[in-house]
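Here, each number is a calculation from the coordinates, and none is a lab measurement. Worth saying up front: this structure is predicted, and the values here are computed from it rather than measured. Note that each Cβ is placed from the backbone with ideal geometry, even for glycine, and that neighbours are counted across all protein chains shown.
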Amino acid sequence: MRKAKVDSNQKEIVDALRKRGASVFHVHTVKNLFDIIVAYNGVLMAVEIKDGNLPPSARKLTDGELKCKESLERVGVKYNVVTSIDEALKLIS
């Protein structure tokens, strides 16, 4: 089994969300899913973290992530992509 790649900003984003009272669960080890589930104020959110310091071409969703996004959105579940703490905190504002 390959080790899942974790974006360099994942820890700080997770820490910031938790400091604001969100529950965060890591699921990045599940192939072709998203990085974290955020639970806040009665809402569950699927969140993919991309490193905002990388060029846009390096922040593209993988084929597996795209399929997951399409599958979730087809049934009315929003697939969120964040590249910074500010973007992540906006999800729970």
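Roughly how far apart, in whole Å, are the Cα centres of segment 66-93 and segment 3-65?
9
Could you give each residue of segment 29-41 its phi-based ³J(HN,Hα) in whole Hz, using Karplus coefficients 6.51, -1.76, 1.60 with θ = phi - 60°, and x for Gly or Pro?
The phi angles translate into 7, 7, 4, 6, 9, 10, 7, 9, 9, 10, 10, 7, 6 Hz.
Restricting to DSSP loop positions (anything but H, G, I, E, B) with no more than 15 other Cβ atoms inside 10 Å of their own Cβ, which trypsin sites (Lys or Arg not before Pro) remain in segment 15-67?
Arg20, Lys31, Lys60
Against the 2.2 N^0.38 Å scaling, with N counting residues, where does the chain land? I'd like the Cα-based Rg ratio to two decimal places.
Against the empirical 2.2 N^0.38 Å value, I get 1.03 for the chain.
Could you name the lysines whose alpha carbon sits less than 27 Å from that of Lys90, not counting residues in the same chain fewer than 8 places away?
Here the lysines satisfying the reach criterion relative to Lys90 are Lys5, Lys11, Lys19, Lys31, Lys50, Lys60, Lys67, Lys69, Lys78.
Relative contact order of the chain: what whole-number percent is it, with Cα pairs under 8 angstrom and at least 6 residues apart?
Once divided by the residue count of the chain, the mean separation gives 27 percent.
Would you mind ranking Val82, Val14 so that the residue whose beta carbon has the fewest other beta carbons within 10 Å leads the list?
Val14, Val82
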